[in-house]
Every structure is written in structure tokens, then in C-alpha cells.
Amino acid sequence: MIRDAGRYDAVVIGAGVAGLTAAAHLAQRGASVCVLARGVGCTHLAPATIDVLADGDLATFVNAHPEHPYAGVGVDGVAAALDWLRNCFDDGYRYVGELGTNHVLPGPLGAVRHSALVPVTMAAGALGDAAPICVVGLPALRDFPAGLCAANLAARGHEARAVSVDLDDRGRAETNAVTLARRFDEPAFRADFAVRLRPLLRDDERVGMPAVLGLRDPHSAWTDLQERLEHPVFEVPTLPPSAPGVRLFNALRDALRAARGTLTMGAHVIPTTRAGAVRARVSGHDRDYESRAIVLATGGLASGGIELTAAGDLRETALGLDVAGEVRVEPDAFVARVGVTTGRDDVYVAGAALPGADARRDGCGEGVALSTGHRVAGLIAA
């Protein structure tokens with residue numbers, strides 16, 4: 001039995017950055033929107049920095065790559081999407097930066113990231129600053145190798161060292177970043193941590209913490225720790241799960257809900273040839289969501305939005321749409337430049353499901369997701 005789940009101006013498939021951006025922006029413009037998603041998407045796995053372009057001028061890049069999603073969005077469209085995201089946060093925990101000026105920040109293994117927008121809690125880690133860095137390791141957080149991070153930064157010419165701070169871990173042998181971030185929301189826990197760390201610091205150092213400084217109120221956790229330590233503090237992204245990724249997801253979800261959009265988790269979309277509708281299995285029942293516009297934001301090969309079959313064929317997994325591009329193995333990399341070609345007037349594609357982008361080569365992953373989600377919302381609203 002197929003149940004009618006109602007009619008919407010737009011149904012968005014996927015709850016990553018692209019999908020939630022498209023949905024929240026559409027809802028803010030007065031559209032009735034429903035997001036269908038199996039789970040939370042890639043936000044909880046990513047560092048939550050908005051990497052637009054690793055190097056060079058965006059206008060020059062667009063002119064040289066007319067097949068890239070940025071060419072369809074335009075430089076002004078990318079800038080508008082960054083402005084929109086900044087406005088999703090208040091004056092406390094927020095995103096800082098602008099198009100054309102990258103923050104150059106350390107990653108969890110000491111590699112370098114070039115990001116246009118970053119959480120304010122990461123900004124003091126800018127590698128253009130000559131101040132020495134003390135990377136703090138937490139033995140209970142085994143997914144953050146502080147010693148390796150500091151050694152790799154030192155090998156790149158930055159003055160860096162690592163220290164280790166044992167935690168009151170309540171009997172846990174190990175934990176993850178999200179669990180630990182909840183503990184840093186507690187003032188008493190932060191106070192005890194600061195007492196343990198402060199004697200290990202040198203006068204001129206800034207403190208690189210794994211990105212665990214709170215989930216509920218990261219700005220308060222960050223400012224409180226800086227005041228207790230009397231040193232600048234910055235977060236370094238960890239291996240998944242990502243506390244900054246959870247914060248970004250929560251902000252986009254809250255923007256959607258504030259604009260009266262709907263988010264349905266645990267929805268398994270079933271391919272159907274019926275135009276103007278999305279069929280999904282929710283809580284054991286098949287439901288039809290009627291809509292004049294469908295946004296496909298399920299991601300590419302990495303997230304399962306596009307699948308490479310055993311026979312070597314490419315298929316789009318939600319709506320059964322055509323896929324164009326190539327997949328090949330090079331000596332040092334697996335190269336996949338693939339994307340969905342809709343063939344349907346009612347379907348819009350956003351994010352990693354689009355053809356033409358190479359996030360690894362260009363450093364543009366979340367920049368494409370954010371800007372194309374924002375652009376698709378504008379097209380539908382118009």
C-alpha cells in the first residue's frame with residue numbers, strides 16, 4: 001500500500017551540506033520543503049571547514065573550467081552562499097572568512113588545509129602566524145595523534161611541539177571526539193582540564209586542541225578555556241566523528257526548522273518513474289511525496305549516491321538517473337570524475353552528485369556543496 005505523504009513545493013533528498021542548504025534557503029523564501037534522508041550525510045565525518053578553492057583566483061578558475069559546478073553558480077553566487085552560511089550562526093560560535101582569502105590551517109596529521117570559511121574556534125591556528133604551536137594530545141582520544149601532527153608541522157617549517165594531558169575519563173579506556181565534546185560543555189570538566197594543561201605550556205605558545213570544545217555551546221567552552229589558560233586556543237579537526245561537523249549539521253537543521261521545513265530521517269528513497277513525486281520507505285511504509293521540484297543531494301561515489309557496480313557500470317542510487325564521467329586507477333590515486341545527468345525537468349542536482357568537480361585536486365568539496373545547494377534553492381524559488 002502506498003500512502004500519500006502530502007504535497008510540497010520541493011522535496012530534497014539528502015541531509016548533507018548541499019541538501020540542508022537547499023532546503024533551508026528554500027524554506028526561508030516561503031516554500032514548503034521536506035527533506036528525506038537515510039542518515040546525517042557526510043557532515044559528521046568532515047572537518048566542517050568550507051574549502052572553496054585551494055589556490056588561485058575563483059574567477060580565473062571558472063573561466064578555465066567551464067564544466068565545473070562553480071561556472072554554473074558564478075563567483076557572485078559562491079560569495080552569496082558564503083554570506084548565507086555566516087548568517088546561520090549567531091555572534092558567538094560562528095564562521096569567519098571571506099571569498100578569495102583562505103585560512104591556511106593544520107589538519108589532524110599536520111597536513112595543510114586552505115579554507116575560505118572556518119569556525120571561529122579554528123581561526124587562531126593560521127599557519128601564517130609565527131607564534132609557536134603546542135599541540136595537545138589526549139590519551140583517551142586515540143584518533144588524534146598530537147605527536148605526529150606537531151612533527152609534520154615542524155617538518156614544514158613551523159615551530160611546533162606536542163604535550164599530553166590525561167583526563168578524568170570516568171573509567172573509559174578511550175572515547176571519540178563527539179563524546180568528549182559533550183564533556184567540554186561542562187565548566188567543571190574544563191576547569192580541571194585547564195589546571196592539568198596550564199603548567200605544560202610555554203609563555204609564547206598558542207594551543208592547538210583537537211576539535212572537542214563543546215557541542216551545545218562551543219563558543220563558551222572555547223572562550224572559557226582561553227581565559228583559564230591565558231593562551232590563544234584553536235581547534236584542529238580530528239578524524240571522524242567530527243564535533244564541528246555535528247555543529248554545522250545542527251545549525252543547518254535548525255535553520256530549516258525555524259523556517260518551518262520538515263526533516264524526515266530514516267527515509268529510504270525508492271526509484272520510481274512517476275513525475276512530480278518521490279517515493280520513500282519510512283517506518284516500514286511506502287509513501288509518495290508529491291512535489292513540483294526535487295533536489296538530488298545524495299553525494300557521489302564516496303557517500304553512496306553514485307554506485308560503481310561489479311560489472312563496472314555507474315548508477316545513481318536514489319532516482320535511477322543517468323550518470324556520466326569516468327573512473328580509473330592511477331599509480332597513486334583512485335580517480336573518479338562522475339556526476340548525474342538528470343534528463344528530468346523536475347529534478348535539480350546539488351553537491352557531489354554534480355559532474356565536473358574534483359574535490360581532491362581543486363580543494364573545493366564543501367564549497368561546491370554549499371554554493372550549488374544555495375543556487376538550486378534560488379532557481380526553484382524563482
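Values in this text are rule-based calculations from the coordinates and carry no lab data. Everything numeric here is computed off the predicted structure, so don't read it as measured data. When we count neighbours, we look across all protein chains shown, and the Cβ atoms used for this are built from the backbone with ideal geometry, even at glycine.
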Describe numerically, in nm with one decimal, the distance between label points set 7 Å from Cα along Cα→Cβ at residue 302 and at residue 83.
2.9
Which of the trypsin sites (Lys or Arg not before Pro) found in segment 67-171 are in a DSSP loop and have at most 16 neighbouring Cβ atoms, other than their own, within 10 Å?
142, 156, 170
Multiply the residue separation of residue 179 and residue 76 by 0.36 nm, subtract the distance between their alpha-carbon atoms, and state the gained length in nm to one decimal.
33.2 nm
In nm, give the distance between the simple-model label positions of residue 216 and residue 195, each being 7 Å from the Cα along the Cα-to-Cβ direction.
2.2
Report, by chain and number, residues whose modeled amide H sits under 5 Å from the one on residue 113, excluding near sequence neighbours (fewer than 5 apart, same chain).
105, 107
Rounded to 0.05, the calculated FRET efficiency for the beta carbons of residue 309 and residue 268 at R₀ = 25 Å is 0.85
Among 293, 194, 23, the residue with the largest mean-square fluctuation in a Gaussian network model of the chain built from Cα contacts under 10 Å is 194
Just how far, in whole angstrom, is segment 248-286 from segment 65-100 if you go by their alpha carbon centroids?
25
Report the FRET efficiency, 1/(1 + (r/R0)^6), for residue 382 and residue 283, where r is their Cβ-Cβ distance and R0 is 35 Å, rounded to 0.05.
0.50
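Seen from all sides and averaged, what is the projected area of the convex hull of the Cα atoms in segment 103-239, in nm²?
Working: hull surface 29.1 nm².
Result: a mean projected hull area of 7.3 nm².
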How many angstrom separate the Cα center of segment 1-41 from the Cα center of segment 131-169?
41
For segment 255-262, Karplus-derived ³J(HN,Hα) couplings (6.51, -1.76, 1.60; θ = phi - 60°; whole Hz; x for glycine and proline) come out as 5, 5, 5, 5, 8, 6, x, 10
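Hey, fewest Cβ within 10 Å first, where do 235, 227 land in order? Could the numbers behind the result be given before it?
Values: 235 28, 227 11.
Exposure proxy ranking, most exposed first: 227, 235.
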Calculate the spin-label point distance for residue 341 paired with residue 292, positioning each point 7 Å from the Cα along the beta-carbon direction, and give it in nanometres.
2.9
Under a 5 Å amide H to amide H cut-off, with H placed in plane at 1.01 Å, what residues pair with residue 291 once short-range neighbours are removed?
8, 277, 278
Sorted by chain and then number, the residues having a modelled amide H within less than 5 Å of the amide H of residue 322, at least 5 places away or on another chain, are 341
Return the FRET efficiency for the residue pair residue 131, residue 324: r is the Cβ-Cβ distance, R0 is 51 Å, and the value is rounded to the nearest 0.05.
0.60
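Work out how much length residue 254 to residue 159 would gain on full extension: take 0.36 nm times their residue separation and subtract the Cα-Cα distance, in nm to one decimal. Don't skip to the answer; put the middle values down first.
Details: separation 95, 0.36 × 95 = 34.20 nm, distance 4.00 nm.
Result for the pair: 30.2 nm of gain on full extension.
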Relative contact order, percent, of segment 103-239 when contacts are C-alpha pairs under 8 Å separated by at least 6 residues?
29
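How large is the dipole of segment 218-354 about the Cα centre if only Lys and Arg carry +1 and Asp and Glu carry -1, each at its Cβ, rounded to the nearest 20 debye? Display every interim value, and only then the final one.
On the way: 14 positive and 17 negative charges, 111 e Å.
Computed charge dipole of segment 218-354: roughly 540 debye.
Given 0.36 nm per residue, what is the gain on full extension from residue 275 to residue 114 after removing their alpha carbon distance, in nm?
On the way: separation 161, 0.36 × 161 = 57.96 nm, distance 4.13 nm.
Contour length minus the Cα-Cα distance gives 53.8 nm.
Whole number please: convex hull volume per residue, Cα atoms of the chain, in Å³. The partial results should precede the final answer.
Values: hull volume 59.4 nm³, N = 382.
With only Cα atoms used, the chain gives 155 Å³ per residue.
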